[in-house]
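The values are calculated or read from the model by the stated rules, or taken from the named source; none is laboratory data. Quick caveat, the model's predicted, so the values are computed rather than measured. Using ideal geometry, Cβ is built from the backbone for each residue, glycine included, and neighbour counts are taken over all protein chains shown.
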Amino acid sequence: MANLKQEINAKLQNAGEANAGYASTDIAAVIGNVVLTLLTILGVVFIVLIVFAGFRWMLAQGEEQKITEARNLIIHSIIGLLVVLAAYAISYFVISALQKAV
């Protein structure tokens, strides 16, 4: 039984040491992870806004003002998503062009 405990502890120690190097201190990797996290959060916010606007539209019961508000929320959500994606694409292009130049 003691041998099994030692073997398990050794395997856990090896697994812990292997995963300890996962966190990168390279500034480019850290910024990339932050941007990826922000884009993920913005994607979730976009989906929530679209679903919320859809519910508002369904619950409008034919009232033109509520339908217009829901439609505007959908349009503004899509425009916001396009702005974020365009900003990401432009920054990706600029950074990759700078990396090739250096």
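Restricting Ala60, Ala53, Ala18 to those that are at pLDDT 90 or above and assigned to a helix (DSSP H, G or I) reduces the list to Ala53. Answer yes or no: is there a residue in the stretch 70-92 that is of a type in the set (Ser, Thr, Tyr) and within 15 Å of the chain's Cα centre (by Cα). Scanning the stretch 70-92, I find at least one residue that is of a type in the set (Ser, Thr, Tyr) and within 15 Å of the chain's Cα centre (by Cα), so the answer is yes.
If you go through the stretch 40-57 one residue at a time, do you hit one that is polar (S, T, N, Q), within 21 Å of Ile95 (Cβ to Cβ) and loosely packed, with under 14 Cβ neighbours inside 10 Å? Yes, that holds for at least one residue. What number of residues in the stretch 45-98 are over 22 Å from Val35 (Cβ atoms) and among the polar types (S, T, N, Q)? The number of residues fulfilling the criteria is 4.
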